[in-house]
Amino acid sequence: QVTLVESGGGLVQAGESLRLSCAAAGPTFSNNHMGWFRQAPGKEREFVAAINWTGLGTIYESSVKARFTITRDNAKNTMYLQMRSLRLEDTAVYFCVADPDNWGKDAADYRYWGQGTQVTISS
């Protein structure tokens with residue numbers, strides 16, 4: 001069992017940066033692939049980025065690939081999402097996810113989900 005807690009969300013202006021963190025509790029964090037999804041008001045939940053258990057493999061949604069960076073520190077049981085050049089359309093609740101077997105762009109790939117952290121971008 002892995003428990004995920006996101007932090008770092010907030011209100012920033014367009015063009016600014018923000019770093020999200022996902023702290024994981026559980027005996028097998030380093031064995032889990034992890035990622036981020038987001039859900040904007042009135043929209044479907046969408047994939048943002050994922051990182052495999054080694055930290056050497058990453059995938060991104062196309063609109064964030066040049067602006068966001070996903071990393072992990074297995075020694076600290078923490079995953080990060082560095083977000084730069086934020087846009088109004090990045091406003092959403094961001095969810096941390098994990099799974100011991102799968103990693104990909106489908107929400108169904110991930111067994112464990114955090115409660116989410118709100119990111120709001122203002123003009």
Among the residues in the range 10-31, are any buried (at least 17 other Cβ atoms within 10 Å of the Cβ), outside any strand (DSSP E or B), in contact with an Asp or Glu (Cβ under 7 Å, 6 or more places away or on another chain) and in contact (Cβ under 8 Å) with a residue 12 or more places away in the chain? no
Please verify whether the range 109-123 includes one or more residues that are acidic (Asp, Glu), farther than 21 Å from Leu18 by Cα and either at pLDDT below 95 or touching a Gly at 6+ places or on another chain (Cβ under 8 Å) (or both). yes
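Residue-wise test of (1) open to solvent by 70 Å² or more (accessible area, probe 1.4 Å); (2) part of a strand (DSSP E or B); (3) without any contact (Cβ under 8 Å) to a residue 40 or more places away in the chain.
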position	(1), (2), (3)
Thr69	no, yes, yes
Arg72	no, yes, yes
Ala75	yes, no, yes
Val97	no, yes, no
Met83 meets each of (1) within 16 Å of Gly9 (Cβ to Cβ); (2) at pLDDT 95 or above; (3) out of contact with any Lys or Arg (no Cβ under 8 Å at 6 or more places or on another chain); (4) of a type outside the set (Phe, Trp, Tyr) with one exception, condition (3)
Which one of the conditions (1) among the β-branched types (Val, Ile, Thr); (2) open to solvent by less than 20 Å² (accessible area, probe 1.4 Å); (3) outside any strand (DSSP E or B) does Thr54 fail to meet, given that it meets all the rest? (2)
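The values are calculated or read from the model by the stated rules, or taken from the named source; none is laboratory data. Note that the structure is predicted; figures quoted are calculated from it, not measured. Cβ: placed from backbone, ideal geometry, glycine included. Neighbour counts: every protein chain shown. For accessibility, only protein heavy atoms count, side chains too; no ligands or nucleic acids. Shrake-Rupley method; radii C 1.70, N 1.55, O 1.52, S 1.80 Å.
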